[in-house]
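Encoded as structure tokens, the structure appears first; notes follow it.
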């Protein structure tokens, strides 16, 4: 009985992990490799060039659940904290990353703009993209 319970528990754990949504940070094919700290710096506009390539971060709309997930898991910042951050940065002459309405528009932008970096649902990845980082819920 114990063995059956242990097997069942393991099966449930595998199912829950496989049901977790996977996301990816993508970049234009010619964008240099990026690490997680660089990605954070790019999205906070503290880093704008790597190897003579201008980096262009792209966000989804503020209310998009994927953007909220990205801000929580990658930037480690809440919406309110980011809003406050960008209010301060505005007076220093910095603007937040551009926003797009859909993952489809983000994909098109990243494929066509050298240095573009964005985040998408991993199910939307294709061979024309450079996957920089992946994470799960």
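Counting just the residues of the stretch 39-56 that are farther than 28 Å from residue 123 by Cβ and touching a residue at least 40 places away in the same chain (Cβ under 8 Å), which one comes out nearest to the chain's Cα centre (by Cα)? So, considering only residues that are farther than 28 Å from residue 123 by Cβ and touching a residue at least 40 places away in the same chain (Cβ under 8 Å), the one nearest to the chain's Cα centre (by Cα) is 45.
The condition of being surrounded by 14 or more Cβ atoms within 10 Å (Cβ to Cβ), at pLDDT 95 or above and touching a helix residue (DSSP H, G or I) at 6+ places or on another chain (Cβ under 8 Å) holds for only one of 36, 44, that being 44. Looking at the stretch 87-137, the strands (runs of 3 or more DSSP E) lying wholly inside it that each contain 2 or more residues that are buried (at least 17 other Cβ atoms within 10 Å of the Cβ) and either in contact with a helix residue (DSSP H, G or I) (Cβ under 7 Å, 6 or more places away or on another chain) or touching a residue at least 24 places away in the same chain (Cβ under 8 Å) (or both) sit at 116-121, 130-136.
Within the set 59, 69, the sole residue that is surrounded by 13 or more Cβ atoms within 10 Å (Cβ to Cβ), in contact (Cβ under 8 Å) with a residue 24 or more places away in the chain and in a strand (DSSP E or B) turns out to be 59. Quick check: anything in the stretch 77-84 within 21 Å of residue 133 (Cβ to Cβ), modelled with pLDDT under 90 and surrounded by fewer than 15 Cβ atoms within 10 Å (Cβ to Cβ)? No, the stretch 77-84 contains no residue that is within 21 Å of residue 133 (Cβ to Cβ), modelled with pLDDT under 90 and surrounded by fewer than 15 Cβ atoms within 10 Å (Cβ to Cβ). Scanning the stretch 47-56 for residues that are in a loop (DSSP other than H, G, I, E, B) and either touching a helix residue (DSSP H, G or I) at 6+ places or on another chain (Cβ under 7 Å) or surrounded by fewer than 12 Cβ atoms within 10 Å (Cβ to Cβ) (or both) yields 47, 51, 52, 55. Hey, among the residues in the stretch 19-33 that are modelled with pLDDT under 95 and under 12 Å from residue 115 (Cα atoms), which one's farthest from the chain's Cα centre (by Cα)? This residue is 30.
Residue count for the stretch 100-109 under the criterion of being more than 16 Å from residue 67 (Cα to Cα) and touching a strand residue (DSSP E or B) at 6+ places or on another chain (Cβ under 8 Å): the result is 1.
The values are calculated or read from the model by the stated rules, or taken from the named source; none is laboratory data. Everything quoted here is computed from the prediction, not taken from an experiment. Counting neighbours? That spans all protein chains shown, and the Cβs are built from the backbone with ideal geometry, glycine included.
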